[in-house]
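The values are calculated or read from the model by the stated rules, or taken from the named source; none is laboratory data. Keep in mind that this is a model prediction, so the values were computed, not measured. To get the accessible areas, we keep the full protein, side chains included, count just its heavy atoms, and leave off ligands, DNA and RNA. Shrake-Rupley method; radii C 1.70, N 1.55, O 1.52, S 1.80 Å.
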Amino acid sequence: MGIEVGGLLGLIWLIILVWAIVKVAKSSAGGLAKLLWILGLLIFPLVGLIVWLLFGPKG
C-alpha cells in the first residue's frame, strides 16, 4: 500500500510542478526572469515552488 500512496503523491507533485512552470512561462515577466524561475523550480522543487508562490511573477 505504501508504494501506491508514494507513487500517487509523486504524480500529484509532478503535476503541481508542471503547472507552476507553465504559469511562469505564460507570465508577463521578462525572458531572463522566466528562465531563472523555471531553473529554480527544477533545481529546488520544494523550496522553488514555495518561493515562486510567494514572490513569483503573477499573471
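Remarks
- Cα pair distances exceeding 17 angstrom across the chain, given as percent: 38 percent
- With the helix formula -39500 (n - 2.57) applied to DSSP H stretches of n ≥ 4, the chain reaches a computed 222 nm mean residue ellipticity of -27500 deg cm²/dmol.
- Accessible surface for segment 5-59, divided over its residues, is 69 Å² per residue with a 1.4 Å probe.
- In degrees, nearest ten, helix 31-43 long axis to first principal axis of the chain (Cα): 20 degrees
- Taking only protein heavy atoms and a 1.4 Å probe, the accessible area of the chain is 83% carbon and sulfur.
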